[in-house]
Amino acid sequence: MNDQLQALLLQTGVATPAFPANSRYHKTPLASLTMADGTEVAYLKRRFVPPPENFALLQEHTVTEDERLDQIAAKYLNDPEQFWKLCDANGAIKPNELLQPIGRTIRITLPENIPGASNA
């Protein structure tokens, strides 16, 4: 979305996502700040990582040497750019923390707040 359109939407109170639907920031609200010189600056409000208990476990994955998070996301989620879903499901702020130590178990889950078979 271009900056002029976004500025117009912000002025009308309609804040639309600046990120695609598969982005971790898609549902993060937009806000604006008026600087001392009158310039409007658009920004994203803070995104809180959901608690891991909001995710129903499907299976677990054991990290191997030289494995990357995008590879794991491609294997289980069919999209390497969805690595952030693994981060959310495991309470990780920094993606690389999920890869250490070698042998660590990563939770592969349903999307947030979708109950699994044991919760049905």
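List every residue pair whose Cβ atoms lie under 7 Å apart, where the two residues are 6 or more positions apart in sequence or sit on different chains, the first residue falls within the stretch 31-53 and is in the same structural domain as residue 89 (by TED's automatic domain parsing) and in a loop (DSSP other than H, G, I, E, B), and the second residue, located anywhere, is surrounded by fewer than 11 Cβ atoms within 10 Å (Cβ to Cβ) and charged (D, E, K, R).
none
Could you check residue 107 against (1) in contact with a Pro (Cβ under 8 Å, 6 or more places away or on another chain); (2) closer than 22 Å to residue 21 by Cβ and say which number it fails?
Failed condition: (2).
Which of the numbered conditions does residue 15 fail, given that it passes all the others? Conditions: (1) modelled with pLDDT under 90; (2) buried (at least 16 other Cβ atoms within 10 Å of the Cβ); (3) in a helix (DSSP H, G or I).
Checking residue 15 against (1) modelled with pLDDT under 90; (2) buried (at least 16 other Cβ atoms within 10 Å of the Cβ); (3) in a helix (DSSP H, G or I), the one that fails is (3).
Within the stretch 54-89, which residues are assigned to a helix (DSSP H, G or I) and either over 19 Å from residue 27 (Cα atoms) or of a type in the set (Val, Ile, Thr) (or both)? Working first, answer last.
If we filter the stretch 54-89 for residues that are assigned to a helix (DSSP H, G or I), which is where we start, we get 54, 69-77, 80-89.
Within the stretch 54-89, 69, 70, 71, 72, 73, 74, 75, 76, 77, 80 meet the criteria.
I'm trying to understand the selection: among the residues of the stretch 86-120, which are in contact with a strand residue (DSSP E or B) (Cβ under 8 Å, 6 or more places away or on another chain) and among the basic types (Lys, Arg)?
First pass over the stretch 86-120, keeping only residues in contact with a strand residue (DSSP E or B) (Cβ under 8 Å, 6 or more places away or on another chain): 86, 89-90, 98, 103-110, 116.
Correct list: 104, 107.
Taking only the stretch 93-120 into account, find how many residues are among the hydrophobic types (A, V, I, L, M, F, W, C), in a loop (DSSP other than H, G, I, E, B) and touching a residue at least 40 places away in the same chain (Cβ under 8 Å).
We begin by selecting, within the stretch 93-120, every residue among the hydrophobic types (A, V, I, L, M, F, W, C); these are 93, 98-99, 102, 106, 108, 110, 114, 117, 120.
With the extra rule that they be in a loop (DSSP other than H, G, I, E, B), the set shrinks to 93, 102, 110, 114, 120.
If we keep only those that are touching a residue at least 40 places away in the same chain (Cβ under 8 Å) too, we end up with 93, 110, 114.
Of the residues in that region, 3 qualify.
The values are calculated or read from the model by the stated rules, or taken from the named source; none is laboratory data. Please read all numbers here as calculations on a predicted model, not as lab measurements. Because the Cβ atoms are built from the backbone with ideal geometry, glycine has one as well, and the counts that use them run over all protein chains shown.
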